[in-house]
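Everything on this sheet refers to the single structure shown next.
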Amino acid sequence: MDPNDNPSPNRKEPKNRPPAMARALLVWLVLMALMVSVYQIVTQNGGKQDPIPYNPDFLALVKGGRIASCELTSDLSGQSAIRGELKDIDVEKGQPQSFRVLAPITEDLIRELTDAGVPFSFKPQNSMLWNILSSTVPLLIVFALIYFFFYRNMAAGSRGAFSFGKSRARLMSRDSNKITFKDVAGVDEAREEVQEIIDFLKDPKKFQKLGGRIPKGVLLVGPPGTGKTLIARAIAGEAEVPFFSISGSDCVEMFVGVGASRVRDMFEQGKKNAPCIIFIDEIDAVGRSRFSGIGGGHDEREQTLNALLVEMDGFDAQEGIIIIAATNRPDVLDPALLRPGRFDRQIVVDLPTLEGREAILKIHSRKVKLSDEVELRNIARGTPGFSGADLANLINEAALLAARRNADAIGPKDLEEARDKVRWGRERRSRKLDDKEKRMTAIHECGHALALALTEGTEPLHKVTIIPRGRALGATFQLPEKDRYTESRTQLKGMIVGAMGGRVAEQLVFGEITTGASQDIKHATHVARMMVTEFGMSDLLGPQYFGTREELLFLGREVSRSNDISPETARLIDSEVKRLIDEGLAAATRLLTEHRATLEKMADLLVEKETLDAADIDDIIHHGRIRTARERKDAAAEEAATTAPAPAPAPAAAAEGPADASDTPTVLPAP
């Protein structure tokens, strides 16, 4: 271990003094500059200088006897020159005129001056000093600039340019961190679990008097965008203690041993500022499993992980240091990192529920202006599977859309368009479709909508559109009434029927099929195979698991995969998958054949309006047309009055007569 990695707290080093390595490097640079200067001087003086021709004007002055006196000298650059005074008087200054001529000092020049009777003298100068200065000073200036910009900038925060082993953890103070649990929603369970940590940091005696031990480490696990880092910042904001934040990638460098040194220094800083919180974001960058299975594995990342494991065992929980880490890949972490005593508690930060999404939307909508018509509950219903980051992006996109149309507030249409844009992409109205292709797309999407609407166990429809979005020419959207965590066999079969509706509609109306059903077939095959191999919903194979192993190969835990399914079982699985898809195809064919008139009517209206909402689809199915808003309002009032409890039930109710069979659609159970 390098003693410079973990200096003693009692050792005082002089301030603003560069490290020994920096001083040695500076001395070597100066010596190299001097050697280069001496080499240039030797090479310049050793060469033969070409003669310089006389200046004709100067020779005329000499022969004319106009030079009063002169001095033969050499300047700092090493070139010889003649300077002196003329006999001519400068009228303005009242003094003899001076001159300076560059000329080589030769015997011919001395003879010319002697013959003309010009008094002269020699004043030689040493050019060695000038050569040294001209060669050394520029290099010293460059080195000084390098020292100033490189060392001084890196020395900020008491970290030198060569102090690679110092921790890069950023200390976040209470003034800079304004986030509390008021800014966190949709993670109530995680909030309750971390509340104990906050109480311990505020009042440790509350837990110590009962003999309890607060967890050393807390691992936040969840999909990307669910708010793991936000929870850690909220903990620091609530606890009002020093908060050290570092990324897992900051601990790994190209130099071996740097990461381990940074880990040790980080924990040393934590001990000096206890009680405190150390937050390691994306810990999977440094905490991956050490067992590679192939060859060696003693690399820089493994050394850093070993140092982290040792440090987490080396301090006592009573010191008040809490380690919080976040990752979305807990499956690749080393088992030694997850054992009790290091990360004692794992908190799952899952995707928000319906109520959680509504609460998150309320938080993000504080900074924007919503119209009175906006109901965040409906937006939350239409965003299953959205994370907190997705919802924040949705509100931002809605604000941009409203600003683009110069609106005073964000309306429901803006939020709906933003939701579709975040999930499926922006509308591509530039993709022009001819009449035939547009009608074929409308028939396909109406086949989906009608099959879903008339099949038991499917989610309610939201809208159908033929406006291209993303890579799709059209789409059929569903709006779940609530979050569902399990699916029944009836619901899964209903998904297959709905997926086959588009292909069946094309076959019925046009007598041919297109490539537009490729994703539908893929989705239906996936659902059917999951039913057979993982959910045990096949009567022939029974409740058995035939799923493939999903062990990560790069971990080295499973280099050679073995197939546990016999060829006969594989054929049975394929036949069961085909049977489920054929049943869904047959059910969709029966439904759409029986309601073909409704299918074509819906397609005509979809071509005309480009988008049909749930109320429009319901009107077409039950009334054969789209009712006006007044008709829908009157029908709703009449239905409310009919369903209201009567004070005294009548002995017999008046009937208006049998309803037309064409107005009552047949709802088939899922096959």
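Structure notes:
- The combined condition, being open to solvent by less than 30 Å² (accessible area, probe 1.4 Å), modelled with pLDDT under 90 and assigned to a helix (DSSP H, G or I), is not fulfilled by Leu391.
- Candidate set: region 247-267, residues that are open to solvent by 50 Å² or more (accessible area, probe 1.4 Å) and modelled with pLDDT of 70 or more; chosen: the one farthest from Gly320 (Cα to Cα): Ser249
- Residue match in region 67-87 (condition: of a type in the set (D, E, K, R), farther than 18 Å from Ser121 by Cβ, outside any loop (DSSP other than H, G, I, E, B) and at pLDDT 75 or above): no
- Selection of region 345-388 for residues being open to solvent by 50 Å² or more (accessible area, probe 1.4 Å) and within 16 Å of Phe181 (Cα to Cα) yields Lys362, His364, Arg366.
- Condition met for Leu102 (surrounded by 13 or more Cβ atoms within 10 Å (Cβ to Cβ), modelled with pLDDT of 70 or more, touching a Ser or Thr at 6+ places or on another chain (Cβ under 8 Å) and over 30 Å from Gly388 (Cβ atoms)): yes
- In region 428-449, the residues that are crowded, with 18+ Cβ neighbours inside 10 Å form Cβ pairs under 7 Å with partners that are of a type in the set (Asp, Glu), at six or more places apart or across chains, as follows: Met440/Glu506; Ile443/Glu506; His444/Glu506.
- For region 465-500, the candidate set comprises residues that are modelled with pLDDT of 90 or more and among the β-branched types (Val, Ile, Thr); within that set, the residue that is surrounded by the fewest Cβ atoms within 10 Å (Cβ to Cβ) is Thr490.
- Residue match in region 616-633 (condition: surrounded by 10 or more Cβ atoms within 10 Å (Cβ to Cβ), modelled with pLDDT under 75, over 30 Å from Asp434 (Cβ atoms) and out of contact with any Gly (no Cβ under 7 Å at 6 or more places or on another chain)): no
- Index of the failed condition, Glu193 passing every other in (1) open to solvent by 30 Å² or more (accessible area, probe 1.4 Å); (2) within 23 Å of the chain's Cα centre (by Cα); (3) modelled with pLDDT of 75 or more: (2)
- For Arg329: the one exception among (1) modelled with pLDDT of 85 or more; (2) within 23 Å of the chain's Cα centre (by Cα); (3) of a type in the set (D, E, K, R); (4) buried (at least 16 other Cβ atoms within 10 Å of the Cβ): (4)
- Qualifying residue in region 501-510 (condition: among the basic types (Lys, Arg), under 38 Å from the mean Cα position of the chain (by Cα) and surrounded by 14 or more Cβ atoms within 10 Å (Cβ to Cβ)): no
The values are calculated or read from the model by the stated rules, or taken from the named source; none is laboratory data. Just so you know, these numbers come straight off a predicted model, no measurement behind them. Counting neighbours? That spans all protein chains shown, and the Cβs are built from the backbone with ideal geometry, glycine included. Remember, those area values only see protein heavy atoms, side chains included, never the ligands or the DNA or RNA. Shrake-Rupley method; radii C 1.70, N 1.55, O 1.52, S 1.80 Å.
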